1. Inside the range 123-142, can you point out the residues that are of a type in the set (A, V, I, L, M), over 18 Å from the mean Cα position of the chain (by Cα) and more than 20 Å from P183 (Cα to Cα)?
2. For S67, state whether it is part of a helix (DSSP H, G or I), touching a Phe, Trp or Tyr at 6+ places or on another chain (Cβ under 6 Å) and at pLDDT below 50.
3. When the residues of the range 194-247 are filtered to those that are without any contact (Cβ under 8 Å) to a residue 40 or more places away in the chain and assigned to a loop (DSSP other than H, G, I, E, B), which remaining residue is surrounded by the fewest Cβ atoms within 10 Å (Cβ to Cβ)?
4. When you scan the range 147-161, do you find a residue that is under 28 Å from E269 (Cα atoms), assigned to a helix (DSSP H, G or I) and touching a Leu at 6+ places or on another chain (Cβ under 7 Å), even just one?
5. With respect to K252, is the statement that it is among the basic types (K, R) and at pLDDT below 95 true?
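The values are calculated or read from the model by the stated rules, or taken from the named source; none is laboratory data. Only a predicted model underlies this, so the values are computations on that prediction, with no experimental measurement involved. Methodologically, a virtual Cβ is constructed for each residue, glycine included, from the backbone with ideal geometry; neighbour enumeration extends over all protein chains shown.
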Amino acid sequence: MADPDPPPVLNVLEALKQASHDLQAHPSSSLNDFNSSAIKALLELQTESDTILSKETGTFQLFLNISVASKPSWKRSRDPAASASETSSLAESRLIQLPELRDPCDNEDELVKLLTQFEERVSLGFDRELQDLVLKSKVFSSFETILCNSNCSKRLKEQSAYGIAALMRFNKDVFVGQVLMGPAVQALITMASIPSINVLCGLIKSIKSPLVDEIESNGEIPKIINLLDVKDLQMRVVAMDCLLEIGYFGRKEAIEAMLKQGLVKKLVELQRSELGGDLIEMEKFDKNDEKLERNREGKQKRFLEMHPFASCVARFAVQLEVGEGLRQREKRAFKQEILVRVREASVSNAEAATIVAEVLWGSSP
């Protein structure tokens with residue numbers, strides 16, 4: 001029995017794919033130079049039904065691959081026909097339509113690939129038409145759905161997190177409200193993976209104090225501090241970086257929550273460990289000597305790579321002191337409280353004296 005003929009839309013899409021490849025291979029050529037059947041397919045595509053595309057993940061993926069590759073090709077063409085340009089926009093619109101699967105976690109490998117391609121397209125830079133399509137298609141909500149779905153794999157959730165980060169870079173002003181009002185941040189903290197906390201750290205740097213306020217009000221700060229206790233070293237390092245950012249942008253309530261959770265004690269323990277140590281001796285180089293200063297910075301960087309928790313108490317204190325979230329009187333009060341907690345957490349007078357000196361001296365963050 002002969003195989004049934006492929007659906008007409010697939011023939012159209014395959015021809016479209018060939019046209020896209022031709023445009024990439026010969027960006028300076030006129031559209032009239034290309035295979036007429038391929039150009040005909042581009043024109044026929046405008047009449048195809050949206051419902052056909054929304055039901056087939058494979059068809060969607062073909063559209064996504066074409067849309068990523070074709071738009072730069074259209075822009076590089078010397079004399080693209082208006083209808084072909086419109087078709088390119090139509091193709092790009094498929095880029096932001098996630099497959100409507102019964103279970104969003106089905107067909108994981110393909111969906112991860114699609115999300116990766118979406119991130120790559122958004123990362124090309126701002127495009128108002130693409131932004132309109134993203135907003136109309138509620139792509140951000142799709143990412144949140146995956147992040148909060150307990151049936152989805154860690155890998156799929158992490159790729160969705162990268163998508164959210166890409167949208168923030170694409171246009172922070174448009175998507176910041178969705179980050180602050182939605183469940184994405186809580187989901188990132190609950191996931192507690194290196195990529196998810198890295199994304200969270202990036203969001204804090206971008207949104208600053210308002211996001212830290214949300215994290216604190218939702219009671220999420222203790223969860224981040226607890227990550228300093230996990231076995232995975234890289235996870236502890238990423239958590240430390242995140243806490244430093246919270247210290248820089250956090251207002252009074254957030255810093256109070258960190259101290260009440262025993263952060264200073266944990267930092268003292270980390271500084272006491274083999275991966276800790278202190279940088280105070282490096283600070284004593286003659287800073288008037290440019291050569292010595294560069295040498296000092298290089299040595300400190302190498303030392304921190306081998307000892308990521310070196311002088312971590314002072315580094316945290318410096319973040320509060322130079323940060324944006326606290327008033328001057330609050331900064332002075334918290335510095336004194338940190339000194340008290342250092343003395344309480346130290347196992348010897350010598351250890352306390354070293355850390356206190358660093359806090360007062362101000363090791364580089």
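1. Our first condition is that a residue be of a type in the set (A, V, I, L, M); within the range 123-142, this holds for 124, 130, 133-135, 139.
When the remaining residues are screened for being over 18 Å from the mean Cα position of the chain (by Cα), the result is 130, 133, 135.
Of everything in the range 123-142, those that are of a type in the set (A, V, I, L, M), over 18 Å from the mean Cα position of the chain (by Cα) and more than 20 Å from P183 (Cα to Cα) turn out to be L130, L133.
2. Values: part of a helix (DSSP H, G or I): yes; touching a Phe, Trp or Tyr at 6+ places or on another chain (Cβ under 6 Å): no; at pLDDT below 50: yes.
In short, no.
3. Selected residue: K231.
4. From the range 147-161, those under 28 Å from E269 (Cα atoms) are none; that's our starting set.
No, that holds for no residue.
5. Values: among the basic types (K, R): yes; at pLDDT below 95: no.
Criteria not met by K252.
Here is a yes/no grid of residues against (1) under 13 Å from the mean Cα position of the chain (by Cα); (2) closer than 15 Å to L115 by Cα; (3) hydroxyl-bearing (S, T, Y):
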| site | (1), (2), (3) |
| --- | --- |
| K157 | yes, yes, no |
| A161 | yes, yes, no |
| I164 | yes, yes, no |
| L167 | yes, yes, no |
| K172 | yes, no, no |
| M181 | no, no, no |
| Q186 | no, no, no |
| T190 | no, no, yes |
| I197 | yes, no, no |
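Conditions (1) of a type outside the set (A, V, I, L, M); (2) surrounded by 14 or more Cβ atoms within 10 Å (Cβ to Cβ); (3) assigned to a loop (DSSP other than H, G, I, E, B); (4) in contact with a Gly (Cβ under 6 Å, 6 or more places away or on another chain), marked per residue:
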residue	(1), (2), (3), (4)
L115	no, yes, no, yes
L130	no, yes, no, no
L133	no, yes, no, no
S141	yes, no, no, no
A166	no, yes, no, no
I189	no, yes, no, no
